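This is the structure I have questions about; it appears just below.
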Amino acid sequence: DAGITQSPRHKVTETGTPVTLRCHQTENHRYMYWYRQDPGHGLRLIHYSYGVKDTDKGEVSDGYSVSRSKTEDFLLTLESATSSQTSVYFCAISPGAGEENEAFFGQGTRLTVV
Amino acid sequence: DQQVKQNSPSLSVQEGRISILNCDYTNSMFDYFLWYKKYPAEGPTFLISISSIKDKNEDGRFTVFLNKSAKHLSLHIVPSQPGDSAVYFCADARGTLIFGTGTRLQVFP
């Protein structure tokens, strides 16, 4: 299995508080992604990174920010958590795009905003 | 932008029979598609891929077919096994991975 670790695995937080989720990889892959999974929506891309300090928005980026200061770490921050951000969050990594885009996923972080 | 759509949210198949999961896409340019499988409380895992220069790709019990004129791909699982019960996602991998909404497959004895 690809070396991807998400932390924490579960978190309950209050509305309005900031929350940071961490994704750590040991594969030295260039691309890292954050997705959220919700019933009826499948997996939706929040943000992604194509290198250190190189990030871009996905389709559901509002209310989220990311940072990648090292190849191995990709942080997702909910600036002020809302109940609509209750979800399961997945980090993924891939060596490249196109035919090198067979991404590997972490185990997920279940976030509940109360 | 590419969109991939999985119009069947669920599928129930008897063990030993064929499971066919479908996915439609909108972009007609060169593309690369992936199928992922997801069990509850786990991350998705890569299953099989196909490039738009091919019509078919096979890996054991799993075969993916690409119909470019209909902009349609399908995943065939033969024979289906209870352990195949999971949610299956198709994804467009031309740029960032864009996923469909998934199809929940249940294989019953």
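The values are calculated or read from the model by the stated rules, or taken from the named source; none is laboratory data. In this text, all values refer to a predicted model and were calculated from it rather than measured experimentally. When we count neighbours, we look across all protein chains shown, and the Cβ atoms used for this are built from the backbone with ideal geometry, even at glycine. Note: accessible area is taken over every heavy atom of the protein model, side chains too, but ligands, DNA and RNA are not part of it. Shrake-Rupley method; radii C 1.70, N 1.55, O 1.52, S 1.80 Å.
In region A:1-34, which residues are open to solvent by less than 10 Å² (accessible area, probe 1.4 Å) and free of Cβ contacts under 8 Å to residues at least 60 places away in the same chain?
A:34
Output the residues belonging to region A:60-99 that are of a type outside the set (A, V, I, L, M) and at the interface with chain B (Cβ under 9 Å from one of its Cβ atoms). Even if it seems obvious, please write down each step before you answer.
Restricting attention to region A:60-99, the residues satisfying the condition of being of a type outside the set (A, V, I, L, M) are A:61-65, A:67-74, A:77, A:79-80, A:82-87, A:89-91, A:94-96, A:98-99.
Of everything in region A:60-99, those that are of a type outside the set (A, V, I, L, M) and at the interface with chain B (Cβ under 9 Å from one of its Cβ atoms) turn out to be A:90, A:91, A:94, A:98, A:99.
If a residue has to be under 25 Å from residue A:97 (Cβ atoms), at the interface with chain A (Cβ under 10 Å from one of its Cβ atoms) and not basic (Lys, Arg) to count, how many in region B:1-46 make the cut?
Total satisfying the criteria: 13.
Looking at region B:60-109, what strands (runs of 3 or more DSSP E) fall wholly within it and have at least 3 residues that are more than 10 Å from chain A (Cβ to nearest Cβ) and closer than 12 Å to residue B:35 by Cα? Outline the logic, then answer.
Values: elements: B:62-67, B:72-77, B:86-92, B:103-108.
Those strands (runs of 3 or more DSSP E) span B:62-67, B:72-77.
Among (1) open to solvent by less than 60 Å² (accessible area, probe 1.4 Å); (2) within 28 Å of residue A:31 (Cα to Cα); (3) among the acidic types (Asp, Glu), where does residue B:84 come up short?
Of (1) open to solvent by less than 60 Å² (accessible area, probe 1.4 Å); (2) within 28 Å of residue A:31 (Cα to Cα); (3) among the acidic types (Asp, Glu), only one is false for residue B:84: (2).
Need the failing condition index for residue B:45 against (1) without any contact (Cβ under 8 Å) to a residue 40 or more places away in the chain; (2) more than 13 Å from the chain's Cα centre (by Cα), just the number.
Going through (1) without any contact (Cβ under 8 Å) to a residue 40 or more places away in the chain; (2) more than 13 Å from the chain's Cα centre (by Cα) one by one, residue B:45 breaks only (2).
May I pose another question? Only one of (1) touching a strand residue (DSSP E or B) at 6+ places or on another chain (Cβ under 6 Å); (2) within 30 Å of residue B:10 (Cα to Cα); (3) of a type in the set (S, T, N, Q) is not met by residue A:25, so which one is it?
All conditions are met except number (2).
Can you name the residue in region B:1-50 that is among the β-branched types (Val, Ile, Thr) and in a loop (DSSP other than H, G, I, E, B) and is also surrounded by the fewest Cβ atoms within 10 Å (Cβ to Cβ) among such residues? Before you say what the answer is, go through the steps one by one.
Narrowing region B:1-50 to residues among the β-branched types (Val, Ile, Thr): B:4, B:13, B:18, B:20, B:26, B:45, B:48, B:50.
Checking which are in a loop (DSSP other than H, G, I, E, B) leaves us with B:18, B:26.
Values: B:18: 13, B:26: 11.
Across region B:1-50, the extreme among qualifying residues is B:26.
Can you confirm whether region A:2-15 contains a residue that is farther than 25 Å from residue B:34 by Cα, of a type in the set (D, E, K, R) and more than 13 Å from chain B (Cβ to nearest Cβ)? Show your work before the answer.
In the first step, residues of region A:2-15 are kept if they are farther than 25 Å from residue B:34 by Cα; the result is A:7-15.
Next cut, of a type in the set (D, E, K, R) only: A:9, A:11, A:14.
Still in the running and more than 13 Å from chain B (Cβ to nearest Cβ): A:11, A:14.
Scanning region A:2-15 turns up at least one residue that is farther than 25 Å from residue B:34 by Cα, of a type in the set (D, E, K, R) and more than 13 Å from chain B (Cβ to nearest Cβ).
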